[in-house]
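Here the structure comes first, spelled out in structure tokens, and everything after it is commentary.
The values are calculated or read from the model by the stated rules, or taken from the named source; none is laboratory data. What you see is a predicted model; the values in this text were computed from it and never measured. As a convention, Cβ positions derive from the backbone with ideal geometry for all residues, glycine included, and neighbour counts pool all protein chains shown. For the accessible areas, the whole protein counts, side chains as well, though only heavy atoms, and no ligand, DNA or RNA atoms are used. Shrake-Rupley method; radii C 1.70, N 1.55, O 1.52, S 1.80 Å.
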Amino acid sequence: ESGEVTTLGRGGSDFSAALIAAATNASELQIWTDVSGMYTANPSIVKQARPIDNISYQEAMELSHFGAKVLYPPTIVPVMLKNIPIVIKNTFAPQDNGTRITNETSGNGKSVKGISNIENIALLTLEGNGMVGVPGISKRLFGALADNNINVKFITQASSEHSICIAINTEESLLAKEAVDKEFEFEILQHKVNPLIIEDNLAIIALVGDNMKSHQ
């Protein structure tokens, strides 16, 4: 409106393409990049990793969320709503099949489609006897993190409600501890809740596959 030029940030070109594809009801969205599609694992870490021929929107979104940087996760949503296939191709090897992302999954009998990982993760644990059966603990915990713009990547809670564990980026761990300890200052003084515990130098490893549902 004011004539200023800006960018959409990381993944902006992919996201722009998806919006235009959805708006024009394109038959296919092609993302041309420097690798031959989405891989079964990070090829720079796992030598045996290979491109995935076909994958579902949901599987692609999960792999992208958990570290597969070949596709910007929000790109998938506009075309998924219109059921438009996404094809990821390699600019330097256009003859390669690449990866085709559609509404369907073909696991070829395999339940796990791919493995992805996020490094530089800190695990935060809030625990204490005073948390058991007390409503609103989770709301206060996540409220304190949200007020400080801290993104939570993973959540798990003990069935006894004695502890809640969350994973965040390592560089945000000290800010998170300061915010959470301040929020629960009264409970910590009363020894009902322990000060937030931080474990650093961790990673999240995710196994992704639509066919994993209801399988041991």
Looking only at the stretch 164-196, count every residue that is closer than 30 Å to Ser64 by Cβ and touching an Asp or Glu at 6+ places or on another chain (Cβ under 9 Å) and tell me the total.
6
Can you tell me how many residues within the stretch 148-194 are at pLDDT 95 or above, of a type in the set (Asp, Glu) and out of contact with any Pro (no Cβ under 9 Å at 6 or more places or on another chain)?
5
The stretch 117-139 residues that are over 11 Å from Lys192 (Cα atoms), paired with ones that are among the aromatic types (Phe, Trp, Tyr) and surrounded by fewer than 16 Cβ atoms within 10 Å (Cβ to Cβ) (beta carbon under 9 Å, 6 or more apart):
Ile118/Phe154; Ile121/Phe154; Leu123/Phe154
Within the stretch 22-31, does at least one residue satisfy the condition of being more than 18 Å from Leu207 (Cβ to Cβ), touching a Phe, Trp or Tyr at 6+ places or on another chain (Cβ under 7 Å) and surrounded by 12 or more Cβ atoms within 10 Å (Cβ to Cβ)?
no
Asn211 fails exactly one of (1) outside any helix (DSSP H, G or I); (2) within 30 Å of Met38 (Cβ to Cβ), namely (1)
Do any residues in the stretch 61-78 that are crowded, with 21+ Cβ neighbours inside 10 Å have Cβ atoms under 7 Å from those of residues that are of a type in the set (Gly, Ala, Ser) and outside any loop (DSSP other than H, G, I, E, B), where the two are at least six apart or on different chains, and which pairs are they?
Glu62/Ala206; Leu63/Gly114; Leu63/Ser116; Ala68/Ser116; Leu71/Ala60; Leu71/Ser64; Thr75/Ala18; Ile76/Ala60
Restricting attention to the stretch 159-188, which residues are assigned to a helix (DSSP H, G or I) and touching a helix residue (DSSP H, G or I) at 6+ places or on another chain (Cβ under 7 Å)?
Ala176, Ala179, Val180, Asp181, Glu183, Glu187, Ile188
What residue, among those in the stretch 168-183 that are more than 30 Å from Ala60 (Cβ to Cβ) and among the aliphatic types (A, V, I, L, M), is most open to solvent (accessible area, probe 1.4 Å)?
Leu174
Could you check the stretch 1-21 and list, in sequence order, the residues that are over 12 Å from Pro74 (Cβ atoms) and either among the aromatic types (Phe, Trp, Tyr) or out of contact with any strand residue (DSSP E or B) (no Cβ under 8 Å at 6 or more places or on another chain) (or both)?
Glu1, Ser2, Gly3, Glu4, Val5, Thr6, Thr7, Ser13, Ile20
Residues of the stretch 1-21 that turn out to be in contact (Cβ under 8 Å) with a residue 24 or more places away in the chain, aliphatic (A, V, I, L, M) and open to solvent by 80 Å² or more (accessible area, probe 1.4 Å), as a count
1
Kindly establish whether Phe92 is in contact with an Asp or Glu (Cβ under 8 Å, 6 or more places away or on another chain) and either surrounded by 18 or more Cβ atoms within 10 Å (Cβ to Cβ) or of a type outside the set (S, T, N, Q) (or both).
yes
From the residues in the stretch 127-157 that are of a type in the set (A, V, I, L, M, F, W, C) and over 30 Å from Ala68 (Cβ atoms), which one is surrounded by the most Cβ atoms within 10 Å (Cβ to Cβ)?
Met131
The stretch 184-206, residues that are under 27 Å from the mean Cα position of the chain (by Cα) and open to solvent by less than 100 Å² (accessible area, probe 1.4 Å)
Leu196, Ile197, Ile198, Glu199, Asp200, Leu202, Ala203, Ile204, Ala206
